Amino acid sequence: MFCYQCQETAGGNGCTKSGVCGKRPEVSDLQDLLIYVVKGIAYYMDQAHKKNLKDNKSEVFAMADDYMVKSLFVTLTNVNFDQQAITDQIKAGLQLKETLRKELTKAGLDIDNAPDAATWMPKDDGELTSKAPLVGILSTENEDIRSLRSMIIYGLKGMAAYYYHAKVLGFTDEEITQFMYKALAATLDDSLTVENLVALVMETGKYGVATLALLDKANTTCYGSPELSTVKTGAGKNPGILVSGHDLKDLEELLIQTEGLGIDIYTHGEMLPAHYYPAFKKYPHLVGNYGNAWWKQTEEFEKFNGPILITTNCLVPPKDSYKDRLFTTNIVGFEGIKHIADRKSNGQKDFSPIIEMAKKCPPPTELENGTIVGGFAHTQVLALADKVVEAVKSGAIKKFVVMAGCDGRMKSRAYYTDFAAGLPKDTVILTAGCAKYRYNKLDLGDIGGIPRVLDAGQCNDSYSLALIALKLKEVFGLEDINDLPIVYNIAWYEQKAVLVLLSLLHLGVKNIHLGPTLPGFLSPNVAKLLVETFGIGGITTA
Ligand code: SF4
Ligand code: SF3
């Protein structure tokens with residue numbers, strides 16, 4: 001195996017024996033093969049678009065969209081560790097690829113020069129497993145091309161994750177999926193130069209902004225605009241169900257199905273921002289947030305005592321002490337862990353196995369008893385715009401520090417707590433993503449009623465931070481987004497953060513500090529390019 005897609009990659013270079021995340025080598029190879037199959041499908045979809053061969057009435061094209069988005073999401077860090085589930089997904093893709101090939105050759109597509117990923121079809125399972133180790137990252141020899149291709153694929157993985165959430169809520173955009181096909185197909189094209197691929201990296205950022213905007217529209221249309229909220233962190237006396245990951249619709253359906261049953265619902269990790277939406281405030285049994293960021297789950301799930309639903313990343317290989325209480329859904333999977341099936345069209349998921357289990361479980365063991373304040377997505381911040389602008393003009397706020405991103409288990413991430421705690425009192429932190437758990441329970445106070453930590457929500461809500469910056473630029477009549485009193489100190493872990501970073505670069509943001517370590521997938525030349533063009537830098541001490 002070879003995987004270097006996340007920040008915790010072994011030695012900062014790549015996992016080769018097994019994943020630091022717990023991913024086994026067989027699973028890693030199969031994930032590479034899945035990406036290879038998706039690239040083959042993307043080749044056909046890209047050709048169909050370019051040559052105008054798409055019959056929009058044909059269901060196979062809609063199936064391809066669904067397949068691409070799910071398959072990319074499946075391979076994100078800490079999503080799916082289940083060898084069988086990935087094998088099944090590969091086989092489904094091979095069938096789909098074959099249908100596409102037949103349909104498009106009938107429509108006139110010439111596949112004489114098609115890449116191997118498009119035409120390869122295994123005769124049996126043996127050929128499937130022998131192919132897997134041959135198609136991974138290291139099959140691209142030139143390290144700069146490999147680095148750029150990887151950056152594009154990781155950006156697309158992040159894009160797929162965000163797109164998936166929008167799609168679940170009924171929001172889609174053909175321009176985005178078409179770009180994804182184009183970019184995936186481009187990673188098969190050996191004629192593309194470093195310059196071509198750099199341009200494609202930047203275009204990935206452009207579509208990153210579009211995808212985040214689509215998701216923002218989906219979330220706010222369905223659940224209202226997040227508003228200033230105080231969330232409890234203690235535990236009650238009722239049995240509970242803990243919901244983690246990012247999928248708001250799963251949480252909504254679970255809340256509906258548990259109404260009046262005497263079961264309390266708690267959020268965990270990236271599900272915390274659900275409390276900020278008006279639509280979720282109407283459920284009195286959504287009682288609070290339990291625990292911290294994803295990497296603390298092994299400790300926290302043990303103490304929760306009731307069932308836990310993992311809707312998306314980040315899943316950590318479970319301990320025996322709670323694995324019988326763990327349920328996955330959507331694209332998440334782990335061998336031996338119960339899985340809640342997808343909803344049928346217009347129906348809800350059936351959460352009854354979780355609900356029945358909860359009824360028999362003791363209440364959660366309390367971990368702490370405080371509150372977290374959040375809900376500062378763009379509408380809420382812009383509602384305070386006058387106050388914010390006044391505070392900047394009067395000098396009460398000297399700087400904003402964007403500290404969005406991911407948390408992780410590396411010891412060096414204590415830097416972010418020290419950094420937040422050490423910032424001067426006239427600074428405000430803008431955050432989103434699970435990085436916030438490093439400082440959202442510190443008492444950093446407020447500036448004239450404006451809290452010093454403004455949490456916009458999940459990493460899915462990073463778009464809000466961009467909108468806030470653009471609005472401030474407009475209010476202050478600035479030409480360049482970099483003239484704002486905003487500095488960026490971003491913590492990254494997985495591939496959604498790669499997309500957010502590319503989106504910020506597309507918006508013209510310069511001099512971003514990225515930590516706790518720079519990506520292992522940057523070759524020295526590509527790293528140099530990012531430093532010289534965008535002023536990207538690492539971190540030192542707080
Ligand atoms: Fe290693 Fe990260 Fe890949 Fe897991 S996802 S195998 S930790 S690089
Ligand atoms: Fe966190 Fe996995 Fe990145 Fe959504 S849940 S931000 S790491």
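The values are calculated or read from the model by the stated rules, or taken from the named source; none is laboratory data. Just so it is clear, the structure is predicted and the values come from calculations on it, not from any experiment. In this analysis, Cβ positions are derived from the backbone assuming ideal geometry, glycine residues included, and neighbour counts consider all displayed protein chains. Side chains included, ligands, DNA and RNA excluded: accessible areas come from the protein's heavy atoms. Shrake-Rupley method; radii C 1.70, N 1.55, O 1.52, S 1.80 Å.
Could you say which residue among 533, 517 is open to solvent by 20 Å² or more (accessible area, probe 1.4 Å), modelled with pLDDT of 95 or more, farther than 26 Å from residue 392 by Cα and within 16 Å of ligand 1 (Cβ to nearest atom)? Quick ask: steps written out before the conclusion?
On the way: 533 fails: within 16 Å of ligand 1 (Cβ to nearest atom).
After ruling out the rest, the residue left standing is 517.
Return the residue satisfying two criteria in turn: it lies in segment 334-359 and is open to solvent by 30 Å² or more (accessible area, probe 1.4 Å) and touching a residue at least 24 places away in the same chain (Cβ under 8 Å), and of such residues it is farthest from residue 289 (Cα to Cα).
Here the residue is 335.
Quick check: is even one residue across segment 52-72 within 16 Å of ligand 2 (Cβ to nearest atom) and surrounded by 24 or more Cβ atoms within 10 Å (Cβ to Cβ)?
Yes, because at least one residue in segment 52-72 is within 16 Å of ligand 2 (Cβ to nearest atom) and surrounded by 24 or more Cβ atoms within 10 Å (Cβ to Cβ).
If residue 93 passes every condition in (1) more than 16 Å from ligand 2 (Cβ to nearest atom); (2) open to solvent by 10 Å² or more (accessible area, probe 1.4 Å) but one, which one does it miss?
Of everything listed in (1) more than 16 Å from ligand 2 (Cβ to nearest atom); (2) open to solvent by 10 Å² or more (accessible area, probe 1.4 Å), residue 93 misses just condition (2).
Return the total of residues in segment 267-292 being of a type in the set (A, V, I, L, M, F, W, C), under 23 Å from the mean Cα position of the chain (by Cα), more than 12 Å from residue 224 (Cβ to Cβ) and surrounded by fewer than 24 Cβ atoms within 10 Å (Cβ to Cβ).
The total comes to 0.
Just a yes or no: is a residue in segment 29-44 within 16 Å of ligand 2 (Cβ to nearest atom) and within 18 Å of residue 314 (Cα to Cα)?
no
Tell me, which residue of segment 11-20 that is of a type outside the set (D, E, K, R) and more than 6 Å from ligand 1 (Cβ to nearest atom) is least open to solvent (accessible area, probe 1.4 Å)? It would help to see each step written out before you state the result.
First, pick out the residues of segment 11-20 that are of a type outside the set (D, E, K, R): 11-16, 18-20.
Keeping just the survivors that are more than 6 Å from ligand 1 (Cβ to nearest atom) gives 11-14, 16, 18.
Numbers: 11: 75, 12: 35, 13: 108, 14: 11, 16: 78, 18: 62 Å².
For segment 11-20, the residue satisfying everything is 14.
Residues of segment 401-415 being over 20 Å from residue 21 (Cα atoms), open to solvent by less than 10 Å² (accessible area, probe 1.4 Å) and of a type outside the set (A, V, I, L, M), which ones?
none
All but one of (1) open to solvent by 40 Å² or more (accessible area, probe 1.4 Å); (2) in contact with a Cys (Cβ under 8 Å, 6 or more places away or on another chain) hold for residue 248; which doesn't?
Result: residue 248 fails condition (1) only.
For residues that are open to solvent by 50 Å² or more (accessible area, probe 1.4 Å) and either free of Cβ contacts under 8 Å to residues at least 60 places away in the same chain or within 16 Å of ligand 1 (Cβ to nearest atom) (or both), tally how many sit in segment 297-329.
Here the count works out to 7.
Determine, yes or no, whether residue 467 is assigned by TED's automatic domain parsing to the domain that holds residue 514, open to solvent by 20 Å² or more (accessible area, probe 1.4 Å) and within 23 Å of the chain's Cα centre (by Cα). Full working, then the answer.
On the way: assigned by TED's automatic domain parsing to the domain that holds residue 514: yes; open to solvent by 20 Å² or more (accessible area, probe 1.4 Å): yes; within 23 Å of the chain's Cα centre (by Cα): yes.
Yes; evaluated as a whole, the condition is true for this residue.
Of the residues 467, 472, 478, 522, which single one is without any contact (Cβ under 8 Å) to a residue 12 or more places away in the chain and away from ligand 2 (no atom under 16 Å from the Cβ)?
Only one candidate passes the filter, namely 478.
Show the residue pairs meeting these rules: Cβ distance below 9 Å; 6+ apart or different chains; first residue within segment 141-165 and not assigned by TED's automatic domain parsing to the domain that holds residue 76; second residue open to solvent by less than 10 Å² (accessible area, probe 1.4 Å).
No pair meets every condition.
Of the residues 332, 389, which is within 16 Å of ligand 1 (Cβ to nearest atom) and farther than 21 Å from residue 436 by Cα? So that I can check it myself, show each step before the final result.
Details: 389 fails: within 16 Å of ligand 1 (Cβ to nearest atom).
Testing whether each residue is within 16 Å of ligand 1 (Cβ to nearest atom) and farther than 21 Å from residue 436 by Cα leaves just 332.
Please state which one of 391, 435, 396 is within 16 Å of ligand 2 (Cβ to nearest atom), touching a Gly at 6+ places or on another chain (Cβ under 7 Å) and either in a helix (DSSP H, G or I) or open to solvent by 10 Å² or more (accessible area, probe 1.4 Å) (or both).
Among 391, 435, 396, only 435 is within 16 Å of ligand 2 (Cβ to nearest atom), touching a Gly at 6+ places or on another chain (Cβ under 7 Å) and either in a helix (DSSP H, G or I) or open to solvent by 10 Å² or more (accessible area, probe 1.4 Å) (or both).
Looking at residue 87, is it under 26 Å from residue 244 (Cα atoms) and surrounded by fewer than 20 Cβ atoms within 10 Å (Cβ to Cβ)?
So residue 87 fits the description; yes.
Residue pairs, Cβ under 7 Å, 6 or more apart or interchain, first in segment 481-505 and in contact (Cβ under 8 Å) with a residue 12 or more places away in the chain and open to solvent by 20 Å² or more (accessible area, probe 1.4 Å), second within 15 Å of ligand 2 (Cβ to nearest atom) and among the basic types (Lys, Arg). List them.
Short answer, once both residue conditions are applied: none.
Among the residues of segment 187-200, which ones are buried (at least 21 other Cβ atoms within 10 Å of the Cβ) and either without any contact (Cβ under 8 Å) to a residue 40 or more places away in the chain or within 18 Å of the chain's Cα centre (by Cα) (or both)?
If the condition is that a residue be buried (at least 21 other Cβ atoms within 10 Å of the Cβ) and either without any contact (Cβ under 8 Å) to a residue 40 or more places away in the chain or within 18 Å of the chain's Cα centre (by Cα) (or both), then no residue fits.
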